[in-house]
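A quick write-up on the structure given underneath.
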2 protein chains.
Amino acid sequence: MGAKATVRSVGRPPKEVPQGEATRKRIHQVAVRLFAERGYHGTGVAEIGRAAGVRQGALYYHIGSKEELLFEVLKRHVAESLRGESAIADGDRPPAEKLRLLITHHVATIADRRDDVVIYLREQDKLTGERADELQRLREEVESVWWRVLREGMAAGVFRPVERVEVNGLLGLANSVFYWYRPSGPLEPEEIAERFFALAAHGITI
Amino acid sequence: MGAKATVRSVGRPPKEVPQGEATRKRIHQVAVRLFAERGYHGTGVAEIGRAAGVRQGALYYHIGSKEELLFEVLKRHVAESLRGESAIADGDRPPAEKLRLLITHHVATIADRRDDVVIYLREQDKLTGERADELQRLREEVESVWWRVLREGMAAGVFRPVERVEVNGLLGLANSVFYWYRPSGPLEPEEIAERFFALAAHGITI
């Protein structure tokens with residue numbers, strides 16, 4: 001990033017590119033808010049342009065299409081989750097501790113980035129063709145990270161034999177936070193994650 | 001129901017009421033399909049009327065408003081879940097067996113009534129005022145049914161001490177099926193439920 005910035009500042013006036021990036025970022029922020037508030041189908045491109053202060057022609061230059069914009073928003077969200085959770089799986093802690101960290105990371109992401117998750121959970125099926133496929137690949141990569149940790153635990157003899165469906169269940173447990181977590185509620189995200197890890201690790205029976 | 005029909009058939013020609021009910025049912029079915037396909041905001045009342053073959057004026061007579069229609073659709077879905085799950089909780093099986101049945105019922109509902117659940121999970125926050133409150137009450141009743149079973153298990157000394165947040169987690173585990181279950185997939189709903197019950201009851205660690 002530093003090297004790239006230097007090359008740019010030597011090559012030609014850097015103003016246009018950063019301005020374009022700032023505009024794109026603003027459009028993304030506005031789109032996330034509107035998609036979360038009014039849904040993908042309920043949000044018009046013109047409305048996004050108005051709220052971001054970008055004229056229609058320039059808007060399409062920046063976003064390509066409304067579906068492309070949804071794709072970019074969702075891709076960034078899933079890619080960031082994937083980065084954080086891959087780092088946990090790649091670490092050298094015991095498998096159960098990795099599972100605890102995965103649940104904690106997932107719950108914290110949902111608590112912190114509510115609008116992104118609203119869109120992710122509600123609008124991902126609006127993507128079609130290549131874009132749907134790429135998001136699906138990213139989603140499967142996240143599942144693979146969790147599956148890798150479960151297999152590590154099975155290989156180490158600390159987890160009982162499970163299958164991919166249990167990954168879906170564990171992600172569902174963590175994702176449920178989206179539907180009922182409120183910052184004003186009695187439990188902090190870390191406390192919720194601790195309780196969910198206990199449930200995932202030991203179950204409810206004595 | 002039988003007695004009521006008799007009173008009606010004695011009192012006056014019953015034709016109008018059943019016809020009204022049939023129309024209302026048709027409107028509901030169309031609304032469920034369109035809300036699930038295109039989202040609540042993406043579906044116009046006029047479109048529902050056209051698809052159901054009901055003129056605009058008559059349509060409002062039957063539905064009240066688009067929000068009222070969404071409310072009726074969601075209320076019916078949650079009330080039916082509640083009925084099934086209350087019956088399980090009221091039964092005389094051991095607590096762990098009740099939990100198994102609750103998970104099985106929940107997973108089967110999601111697998112069987114996909115459109116209802118799409119709307120329930122995606123559109124419930126579109127309700128406002130009284131309607132939002134009443135749906136919230138029904139949802140809390142479902143949670144209370146699960147919580148009752150967990151408390152029964154704790155009182156019997158077969159479940160470890162948990163709180164309401166674990167109810168949310170267990171429902172999240174079961175609800176996750178919505179996001180990945182496909183009738184063409186390798187596992188039947190009952191098999192998924194068995195695996196999820198094992199996870200909920202015993203956890204993943206050995």
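Values quoted throughout were computed directly from the atomic coordinates according to the rules given, and no laboratory measurement underlies them. It should be emphasised that the depicted structure is a prediction, and the values quoted were computed from it without experimental measurement. In this analysis, Cβ positions are derived from the backbone assuming ideal geometry, glycine residues included, and neighbour counts consider all displayed protein chains.
Once the chain from residue B:29 to residue B:79 is taken as fully extended at 0.36 nm per residue, the excess over their C-alpha distance is 16.3 nm. Extension gain for the segment residue A:47 to residue A:141, taken as residue separation times 0.36 nm less the Cα-Cα distance, is 30.5 nm to one decimal. Computed from backbone phi, the HN-Hα couplings of region B:41-58 come to 5, x, 10, x, 4, 4, 5, 4, x, 4, 5, 8, x, 10, 5, 3, x, 5 Hz, rounded to whole numbers (Karplus: 6.51 cos²θ - 1.76 cosθ + 1.60, θ = phi - 60°; Gly and Pro given as x).
For region A:80-94, backbone phi angles converted through the Karplus equation (6.51, -1.76, 1.60; θ = phi - 60°) give residue-by-residue couplings of 5, 4, 4, 4, x, 7, 4, 4, 5, 5, 6, x, 10, 7, x Hz, Gly and Pro being listed as x. The per residue volume of the convex hull around the alpha-carbon atoms of region A:65-206 is 114 Å³. Across region B:140-155, rounded Karplus estimates of 3J(HN,Hα) from the backbone phi angles (6.51 cos²θ - 1.76 cosθ + 1.60, θ = phi - 60°) give 5, 5, 4, 4, 5, 4, 5, 5, 4, 5, 5, 5, 4, x, 5, 4 Hz, Gly and Pro being marked x. Each other copy holds its own label point for residue A:137; taking that point as 7 Å from Cα along Cα to Cβ, the gaps run 5.1 nm, nearest first.
With n ≥ 4 as the cut-off for DSSP H runs, can you work out [θ] at 222 nm for chain A, using -39500 (n - 2.57) per run divided by the number of residues, rounded to the nearest 500? Each step should come with its number before you reach the end.
Working: 11 runs with 159 residues, N = 206.
Here the helix-only value at 222 nm equals -25000 deg cm²/dmol.
With K and R counted +1 and D and E -1, the other residues having a Cβ less than 11 Å from that of residue B:85 yield a net charge of -1. Could you tell me what % of all Cα pairs in the protein assembly as shown have separations over 36 Å? Percentage above 36 Å: 35.
Descending by average beta-carbon neighbour count within 10 Å, the peptides A:99-111, A:129-141 line up as A:99-111, A:129-141, the highest first.
Counting Cα-Cα pairs of region A:154-206 in 5 Å increments starting at 0 gives whole-percent bin shares of 4, 16, 23, 24, 17, 9, 5, 2, 0.
Pairs from the list B:25/B:75; A:25/A:75; A:75/B:66; A:126/B:25; A:25/A:66 with a Cα-Cα gap above 22 Å: A:75/B:66; A:126/B:25. In a simple Cβ point-charge model (Lys, Arg +1; Asp, Glu -1; nothing else charged), the protein assembly as shown has a dipole of about 1280 debye relative to its Cα centre. Label point of residue B:93 (7 Å along Cα→beta-carbon): distances to the other copies' equivalent points are 3.7 nm, sorted ascending. Under 12 Å from a point placed 7 Å out from the Cα of residue B:38 along the Cα-to-Cβ direction: which residues of region A:38-73 have their backbone N that close? Residues A:41-42 fall inside that zone.
Across q = 0.24, 0.30 Å⁻¹, region B:110-159 modelled as identical point scatterers on its alpha-carbon atoms has Debye log10 I(q)/I(0) values of -0.89, -1.04, in the order of the q list. Across the options A:117, A:105, B:168, the greatest Cα extent toward the positive end of the charge dipole of the protein assembly as shown (unit charges at beta carbon of Lys, Arg, Asp, Glu) belongs to A:117.
Quick check: Cα centre of region B:18-58 to Cα centre of region A:29-97, how many Å? Using only Cα atoms, the two centres lie 32 Å from each other.
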